[in-house]
Structures are given as C-alpha cells and as structure tokens.
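Visitor: This is the structure I have questions about; it appears just below.
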Amino acid sequence: MASYVKDKKEILVRLRRMEGQLKGIQRMVEVDKYCVDVLNQLSSVIAASRKVAAIILQDHIQGCIRDALTRNEHSDEYMDELLTVIERFTLKK
C-alpha cells in the first residue's frame, strides 16, 4: 500500500487544481497572451507540483522508509532509492 494514502484526498485536490491551471495556460497560449503572464502561471504550476512531491516524499519517508529500517529489510536499497529521489527534486541537471 502506498504511504501517501492518508494524504490521497489532498493530493488529488492539488493535482486537479494543477490540471485546471494547465488547461488555462494552454488557452493563454492559444490566444497569444503576454509571455510574462504565461510564465507566471507556469511558475504556479511548478510550485504546486513541488508541494505535491513534498507531501508524497514526506509520507514515503515516514511510511515506507521507516518500515524498511524498522524491519531491517532492504534498508540499503530503500536508502539508495530515497537519495536518488531527493537528488531528482533538489539538484539542477
């Protein structure tokens, strides 16, 4: 079971809001809205996606990672995976 189940409702609300924002951005581009206005909306979507990622990451650490460490099952694999995910969300490529 996914560790984010307790936050699933909040995550889905945020994702649906992002979906609406993306559709709005598509409409803005279709009607040639000013570049900065489009960029501002894109910035909002990026921030929203980071928030969703942070919620899921926190739940993963408090759920899956904690359980693996407690049971001492595949803890090295989980830690490696966690570090990879954190790098993906924090380091510029």
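Bear in mind that the values in this text are calculations on the coordinates, not laboratory data. Please read these numbers as outputs of a predicted model, since none were measured by experiment. Cβ sites come from the backbone with ideal geometry, for glycine too, and all protein chains shown count toward neighbours.
Visitor: Which one of the conditions (1) under 17 Å from the mean Cα position of the chain (by Cα); (2) more than 23 Å from Gln21 (Cβ to Cβ) does Arg66 fail to meet, given that it meets all the rest?
Guide: Status for Arg66: all satisfied but (1).
Visitor: Scan region 30-46 residue by residue and report those that are loosely packed, with under 11 Cβ neighbours inside 10 Å and either over 27 Å from Leu91 (Cα atoms) or of a type in the set (Gly, Ala, Ser) (or both).
Guide: Glu30, Val31, Asp32, Tyr34, Ser43
Condition check ((1) over 29 Å from Lys9 (Cα atoms); (2) in contact with a Cys (Cβ under 6 Å, 6 or more places away or on another chain); (3) β-branched (Val, Ile, Thr)) across all residues:
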{"residue": "Leu39", "(1), (2), (3)": "no, no, no"}
{"residue": "Ser43", "(1), (2), (3)": "no, no, no"}
{"residue": "Ile55", "(1), (2), (3)": "no, no, yes"}
{"residue": "Asp59", "(1), (2), (3)": "no, no, no"}
{"residue": "Glu73", "(1), (2), (3)": "yes, no, no"}
{"residue": "Glu81", "(1), (2), (3)": "no, no, no"}
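Visitor: Would you tally the residues in region 52-79 being surrounded by fewer than 11 Cβ atoms within 10 Å (Cβ to Cβ) and not in a loop (DSSP other than H, G, I, E, B)?
Guide: Total satisfying the criteria: 4.
Visitor: Write out, first by first residue and then by second, each pair whose Cβ atoms fall under 8 Å of each other, whose residues are 6+ apart or on separate chains, and whose first residue, in region 1-13, is assigned to a helix (DSSP H, G or I) while the second is among the hydroxyl-bearing types (Ser, Thr, Tyr) and buried (at least 16 other Cβ atoms within 10 Å of the Cβ).
Guide: Qualifying pairs under 8 Å: Ile11/Tyr4.
Visitor: Then there's this: What pairs come out if I take residues in region 26-41 that are in a helix (DSSP H, G or I) and pair them with residues that are of a type in the set (D, E, K, R) whose C-beta lies under 7 Å away, six or more apart or interchain?
Guide: Final answer for the pair search is Met28/Asp37.
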